[in-house]
Amino acid sequence: MCGIVGYVGFRRAADLVVEGLRRLEYRGYDSAGLAVLDDEGRIDVRKAAGRLARLESLVRDQVPEASIGIGHTRWATHGAPTDGNAHPHLGGCGTGHSSVVHESLAIVHNGVIENYRGLKTRLEAEGYVFRSETDSEVIAHLVDSCLKQALETGSRVTDEPADSPWVVAVREAIAQLRGTYGLLVLFAGRPDLLVAARLGSPLVVGVGDGEHFIASDASPLAGHADRIVYLADHEVAVITPDTLRVIHRDSGRVEHSVLPLELSAADVGMGGYSHFMLKEIHEQPETIRAAMRGRLSRDDATAVFGGLNLTPAQLQHVNRIVLTGCGTSWHAALVGEYLIEEFARLPVEVEYASELRYRNPPIDEGTLLFAITQSGETADTLAALREVKRKGHPTLAICNVVGSTIANEADGGIYLHAGPEIGVASTKAFTSQCVVLALLALYFGRLRHMSYEKGLEFIAALERLPGLVTEALEADTAIRTIAEKYRNASTFLYLGRQYNFPVALEGALKLKEISYIHAEGYPAAEMKHGPIALVDQLTPSVFLIPQGAVYDKVILNLEEIKARKGPVIAIASPGDERVRELADDVIEVPDAPDFLQPIVEAIPLQLLAYHIAVLRGCDVDKPRNLAKSVTVE
Ligand code: G6P
């Protein structure tokens, strides 16, 4: 969702800010804007609804050469995606009769201000004139109001940044906000100062030599800064070209850790692929290896995790696991349910995070919650985690983005190490989540009933997985040909059983997300209880039918579709003549044990969705209406 970029240093800020906003496009947005200071310290704002190209055309020639600036990509919540509602918003005092008399500052904001109506009424009574329908604009005027007071009551520019009027103003303003914010403030007449603040919406600071970058995630920093500071909730950062001070909003100065930034410009580039999604699909042999690296112990025939932060006794006493997440991460949770129940014989419940947060289910002692999330920022997943944590149960995160809110708030967790996932439709994060859940099944299995030999077999199968995924990717060209045949279909069914049922859901979601074709995933046998009514000659069914425990059962379901003249695309084992005779099109995937099939079978489904979307001319990496990281409820 919304993205923030800021720069203070010695280079042309407008270029860096726009480049940073490009790197945040993947989060999803519908308008963009930027503010810099002109030679006389006045604020120059450019804003444009729609894609970044519009903003770039406004910025190309006539923007001041300032070396300080802030920018934003907005995903509308309060007010339509118009030029006027785009950020930055200016804070300044109007007389109540005319518009702004002076503009003292500009802000960009991620998050939602819940008490904005009350604040707006008060500020309007003070004479502020609002020019947008957003909740964010109240922050701009509120900081301005606090700044006037701070200047009047004699706060001085001191060596202690916490006491300077600009910082005092931001601290006092945010103390009055209810809701969430990632906030960045640029002040007129202060070409050397940015103030950032965070509560519930991430912000990072990139540290360079004589320059600092601020962003809502690390990707705009790659290639520009080699160190990173993750701001925590309630922290305020006071940033100049050469200095960074981090202050707690209420209690004054705090220490902060400067960490190496392990993200290169190549990590956030397309690497010769036509889309990020395609690049990320092809990265999977490596990302799967990364998810397992250092986590397999042949000596103990188990998995090893560094960051669970639970004692062996606590882990021994786990008698129930709750897996929660949203979207694709929820599908990975379903795969996890099959894995953990089969190998660890532990009862698992999978809950949509958006339901769990309000459902108030009974949770016994011995229950362990895993929040599964690529971004670590999904609002519903965060709320579900907080709710369970509040009740005193241990919470762990399975997360990709290092330093994200959920990674920080969970008691411990497991990182995917998949590198940045930029395509909005999740691909490599899904397979890595499944790998981590397989590792957990092994871990809890070995804590309970699983034998040493079984553990070693499990490890050997996992180690073959990257090779199987490489083989599965070889079907790319064949899948493109199949995509051409079916690109105009208006409904697809995705059918699979057992381990492949969640993959059917995920395959349908991928197609929906990026090609805007209606698709439904079902357990193959359930199809006769309703969805079969949809089957006709124009409605393709994608069958997941590899050799395995339920192969014969799925063949029966496939025959039921063929009897109704429905076209079938089968994802099947190599050389399966029985399937070849029945299906209209076959995509071969290498044989894998049942429990690893979700990972191997996901590959052709990702490629099928990708090619159909490209052939239909869809914006694969930035599908309409979707956001990569959904930070609102
Ligand atoms: C959004 C994205 C999905 C993603 C879901 C959960 O809806 O578009 O691709 O699966 O959020 O995101 P998370 O970052 O929590 O895994």
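So here's what we get for this one:
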read-out	value
Any hit, the range 531-554, residues being of a type in the set (A, V, I, L, M, F, W, C), farther than 29 Å from Pro593 by Cα and under 34 Å from the mean Cα position of the chain (by Cα)	yes
Residue match in the range 617-632 (condition: within 30 Å of Glu25 (Cα to Cα), more than 16 Å from the ligand (Cβ to nearest atom) and not small (Gly, Ala, Ser))	no
Search result, residues across the range 562-573 that are of a type outside the set (Gly, Ala, Ser) and modelled with pLDDT of 95 or more	Pro567, Val568, Ile569, Ile571
Failed criterion for Gly306 (all others in (1) more than 16 Å from the ligand (Cβ to nearest atom); (2) surrounded by 17 or more Cβ atoms within 10 Å (Cβ to Cβ) hold)	(2)
Cross-chain or 6+ apart pairs with Cβ under 6 Å, the range 494-509 first and outside any strand (DSSP E or B), then of a type outside the set (Lys, Arg) and open to solvent by 30 Å² or more (accessible area, probe 1.4 Å)	Arg497/Pro523; Arg497/Val550; Gln498/Val550; Tyr499/Tyr338; Tyr499/Asp594; Phe501/Pro523; Ala508/Glu520
Total residues in the range 39-61, condition in a loop (DSSP other than H, G, I, E, B), closer than 19 Å to Ala188 by Cα and not charged (D, E, K, R)	1
Search result, residues across the range 349-360 that are away from the ligand (no atom under 16 Å from the Cβ) and in a helix (DSSP H, G or I)	Tyr358, Arg359
Residue in the range 311-326 that is modelled with the lowest pLDDT, counting only those that are open to solvent by 30 Å² or more (accessible area, probe 1.4 Å) and not in a strand (DSSP E or B)	Pro312
Residue, nearest to Phe501 (Cα to Cα), within the range 522-570, restricted to residues that are open to solvent by less than 40 Å² (accessible area, probe 1.4 Å) and part of a strand (DSSP E or B)	Leu544
From Ala196, Ala218, residue being among the hydrophobic types (A, V, I, L, M, F, W, C) and open to solvent by 10 Å² or more (accessible area, probe 1.4 Å)	Ala218
Count - residues of the range 375-401 that are free of Cβ contacts under 8 Å to residues at least 60 places away in the same chain and open to solvent by 20 Å² or more (accessible area, probe 1.4 Å)	7
Pick from the range 484-498, criterion within 29 Å of the chain's Cα centre (by Cα) and under 11 Å from Ile517 (Cβ atoms), ranking: least open to solvent (accessible area, probe 1.4 Å)	Phe492
Residue in the range 245-266 that is among the acidic types (Asp, Glu) and within 16 Å of the ligand (Cβ to nearest atom) present	no
Test result for Ala438, open to solvent by less than 10 Å² (accessible area, probe 1.4 Å), more than 13 Å from the ligand (Cβ to nearest atom) and within 20 Å of Leu315 (Cβ to Cβ)	yes
Tally of residues being among the aliphatic types (A, V, I, L, M) and within 16 Å of the ligand (Cβ to nearest atom) across the range 328-348	4
Filter result (of a type in the set (A, V, I, L, M) and touching a strand residue (DSSP E or B) at 6+ places or on another chain (Cβ under 9 Å)) within the range 119-155	Leu119, Val129, Val138, Ile139, Ala140, Leu142, Val143, Leu147
Hits in the range 579-612 (condition: open to solvent by 10 Å² or more (accessible area, probe 1.4 Å) and of a type in the set (Gly, Ala, Ser))	Ala583, Ala592
Flag if Ala175 is open to solvent by 40 Å² or more (accessible area, probe 1.4 Å) and modelled with pLDDT of 95 or more	yes
Any chance Ala519 is in a strand (DSSP E or B) and among the aliphatic types (A, V, I, L, M)	yes
Residue in the range 143-153 that is part of a loop (DSSP other than H, G, I, E, B) and open to solvent by 10 Å² or more (accessible area, probe 1.4 Å) present	yes
Where Gly617 falls short, out of the listed (1) touching a residue at least 40 places away in the same chain (Cβ under 8 Å); (2) in a loop (DSSP other than H, G, I, E, B)	(1)
Any hit, the range 360-367, residues being within 23 Å of the chain's Cα centre (by Cα) and either open to solvent by less than 70 Å² (accessible area, probe 1.4 Å) or at pLDDT below 95 (or both)	no
Residue match in the range 560-573 (condition: within 16 Å of the ligand (Cβ to nearest atom) and either within 35 Å of the chain's Cα centre (by Cα) or closer than 28 Å to Arg616 by Cα (or both))	no
Hits in the range 255-287 (condition: surrounded by 14 or more Cβ atoms within 10 Å (Cβ to Cβ), hydrophobic (A, V, I, L, M, F, W, C) and out of contact with any Lys or Arg (no Cβ under 8 Å at 6 or more places or on another chain))	Leu263, Phe276, Met277, Leu278
Single residue of the range 1-38 satisfying the filter (more than 16 Å from the ligand (Cβ to nearest atom) and among the acidic types (Asp, Glu)) that is surrounded by the fewest Cβ atoms within 10 Å (Cβ to Cβ)	Asp38
Subset tally (residues that are more than 16 Å from the ligand (Cβ to nearest atom), among the hydrophobic types (A, V, I, L, M, F, W, C) and farther than 14 Å from Ala613 by Cα) for the range 476-503	4
Residue in the range 54-62 that is at pLDDT 90 or above, open to solvent by 30 Å² or more (accessible area, probe 1.4 Å), closer than 21 Å to Glu19 by Cα and among the charged types (D, E, K, R) present	yes
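The values are calculated or read from the model by the stated rules, or taken from the named source; none is laboratory data. Computed from a prediction, not measured in an experiment: that's the story for all the values here. Cβ: placed from backbone, ideal geometry, glycine included. Neighbour counts: every protein chain shown. These accessible areas exclude ligands, DNA and RNA; they are computed on the full protein's heavy atoms, side chains included. Shrake-Rupley method; radii C 1.70, N 1.55, O 1.52, S 1.80 Å.
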